[in-house]
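J.: After the structure tokens below, expect a handful of questions from me.
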Amino acid sequence: MSSIVVLFLVLILGFIISKGIGVINWKFLTTMPEDGMTKGGIYPAIIGTFCLVGGSMLFAFPIGVMSGIFIHEYAPNGFFKNFVQLMTNNLAGVPSIVFGLFGMSLFVNKLEFGDSILAGSLTLGLLVLPVVIRTTEEALKSVNDSFRLASYGLGANKLQTIWRVVLPIATPNIITGLILSIGRVSGETAPILFTVAAYYLPTLPDSMYDQVMALPYHLYVLSTSGTNIKESRDMAYGTALVLVLIVLIANLVANAIRRFLSKKVKMN
Amino acid sequence: MYKIESKNINLFYGDHHALKNINLQMKANTVTALIGPSGCGKSTYLRLLNRMNDLIENVRIEGTVMIDNKDIYARGIKIDELRKKVGMVFQKPNPFPKTIFENVAYGLRVNGISNKSYIEERVTRSLQNAALWEEVKDKLKKSAFELSGGQQQRLCIARALAIEPSIVLMDEPASALDPISTAKIEELIYELKDKYTIVIVTHNMQQAARVSDRTAFFYIGELIEFNDTKEIFTNPQNQRTQNYITGRFG
């Protein structure tokens, strides 16, 4: 079974690489789109995606980790805790287009952020919040209780125990949550559709209230609704490859950090 | 004058009556062994003395536990202060994933001590007292996980000693160790008696006989017999005690 999974992964990657590699060069990565997006590069979309990943993590990571710590370490067993956990799971199951609509009505319209990096980041952040909360909970659950008991036994209070013993042990696994959410955020199209993504915007953002282009939406535009779909086909494959590479690199970097930390955690 | 005095202790886990009317006194600088079959309440009694049972949900405790003539369950008692005074060593060695040095220094740091030379001195002294210093003095900055199981357990003892408790609770401290490490721990317990009051839970009759001055035999939540260790092992007054120490059940 697992070899079938690997086979499909290799097939998909191979397909994208073979079709997209010819387009990618320095110019493709660093210039604006030209000629109705049939020529030029995807620079603004790359920058836009980075902005959205960064913005959504800035929002989702602290809130998600703190929620996870609260649920696992502080909330007493009972109705409230079960309710929060149930709702977290439900939130994870909501289709991303619904997040998009919600983000549009709350952040774009009600709070008057307009189509902006801020609105898009918040929407994407909401989308991955359950992932961060769940992985934090799991990470804390995997910390052996004997460490907590030892810490309490030495006169440490709860906050000291969590801060000095539990979190350092759990951090490498919490980073996993970050990896998963970065991958998810950089690839999502629906949540940014109505909240931030620009169809064609050959400038870079000045502030978090600006619109940006983003890789997944750009890919969608190039392959379905560009001015000349046939001629922009190669650009679409190039964009897809860049997107896949960004996710891949993010995973590798985060994995390296995780491995470094789990080695270091024994030493602190 | 007793160091630890528990009067009419009843403890319930939900509906389960885990300790039944326990009266037990311990003098300073003695070793008291708690023996009995699994589930008899001896570990529960041990955890009563540093309020570790508070961490379990649905526990109800009646009666009083006096340490140095103070009721440790009275209102206004600071639990972290109590636990500073009553150190604990657990069944399985559980050093933190930190360096050897930081493991021993942990208790000092969480109690707000930051004087570097004082911490260094306490760490050294504690490791010496736990008979571990000679083995680790050159690798204090190495991970505690690099030590053997027996060394880790002595590190946990050093960690407990660092905050200068007057009582040390040990919950089957040698049950996960090989015979040589066990012998070292027992020797250590014997030496620590000079400075500390020690309460040890053990499944090992010989160990109880070797290290303790007094022995308490628990059976299904009751204290059956409590006497000088010599008396318990040579001349038990109760039939169930005799059955247990001769290995007829348990």
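J.: So which helices (runs of 4 or more DSSP H) stay within the stretch B:177-250 end to end and still have 3 or more residues that are under 26 Å from B:Ala28 (Cβ atoms) and of a type in the set (D, E, K, R)?
T.: Here the list reads B:179-192.
J.: Now, a different point. If we only count strands (runs of 3 or more DSSP E) wholly inside the stretch B:22-99, which ones have 3 or more residues that are crowded, with 19+ Cβ neighbours inside 10 Å and either within 14 Å of chain A (Cβ to nearest Cβ) or of a type in the set (Lys, Arg) (or both)?
T.: Those strands (runs of 3 or more DSSP E) span B:86-89.
J.: Across the stretch A:196-213, what is the total count of residues that are of a type in the set (A, V, I, L, M) and in contact with an Asp or Glu (Cβ under 9 Å, 6 or more places away or on another chain)?
T.: Here the count works out to 5.
J.: Can you pull out every residue in the stretch A:216-266 that is among the small types (Gly, Ala, Ser), more than 24 Å from the chain's Cα centre (by Cα) and under 22 Å from A:Thr195 (Cα atoms)?
T.: A:Ser225, A:Gly226
J.: Just to check your reading of the model, which residue among A:Phe107, A:Phe79, A:Phe113, A:Phe99 is at negative phi, more than 14 Å from chain B (Cβ to nearest Cβ) and over 25 Å from the mean Cα position of the chain (by Cα)?
T.: A:Phe79
J.: Of A:Ser186, A:Ser223, A:Ser262, A:Ser232, which residue is under 24 Å from A:Gly103 (Cα atoms) and among the small types (Gly, Ala, Ser)?
T.: Step by step, each of A:Ser186, A:Ser223, A:Ser262, A:Ser232 is checked, and only A:Ser186 is under 24 Å from A:Gly103 (Cα atoms) and among the small types (Gly, Ala, Ser).
J.: Looking for whichever is free of Cβ contacts under 8 Å to residues at least 12 places away in the same chain and in a helix (DSSP H, G or I) here; the options are B:Ser117, B:Ser126. Which one fits?
T.: So the residue among B:Ser117, B:Ser126 that is free of Cβ contacts under 8 Å to residues at least 12 places away in the same chain and in a helix (DSSP H, G or I) is B:Ser117.
J.: If you don't mind, there's one more thing I want to ask. Among the listed residues B:Glu164, B:Glu146, which satisfies the condition of being at negative phi and surrounded by fewer than 22 Cβ atoms within 10 Å (Cβ to Cβ)?
T.: Answer to the check: B:Glu146.
J.: Being away from chain B (no Cβ under 14 Å) and acidic (Asp, Glu) is the filter here; which residues of the stretch A:122-165 pass it?
T.: If the condition is that a residue be away from chain B (no Cβ under 14 Å) and acidic (Asp, Glu), then A:Glu137, A:Glu138 are the ones that fit.
J.: Just name the residue that is farthest from A:Leu178 (Cα to Cα) out of those in the stretch A:89-132 that are among the β-branched types (Val, Ile, Thr) and crowded, with 21+ Cβ neighbours inside 10 Å.
T.: By that ranking, first place goes to A:Val108.
J.: Just to be sure, is A:Leu261 touching a residue at least 24 places away in the same chain (Cβ under 8 Å), within 14 Å of chain B (Cβ to nearest Cβ) and in contact with a Ser or Thr (Cβ under 9 Å, 6 or more places away or on another chain)?
T.: The answer is yes for A:Leu261.
Residue-wise test of (1) among the acidic types (Asp, Glu); (2) over 21 Å from B:Tyr244 (Cβ atoms); (3) without any contact (Cβ under 8 Å) to a residue 60 or more places away in the chain.
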site: B:Asn23; (1), (2), (3): no, no, no
site: B:Asp54; (1), (2), (3): yes, yes, yes
site: B:Ile79; (1), (2), (3): no, yes, yes
site: B:Phe96; (1), (2), (3): no, yes, yes
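Read the figures in this text as sums done on the coordinates, not as results from a lab. Since the structure is predicted, the reported quantities are computational estimates derived from the model, not experimental observations. Glycine also receives a Cβ, built like all others from the backbone with ideal geometry; neighbour counts cover every protein chain displayed.
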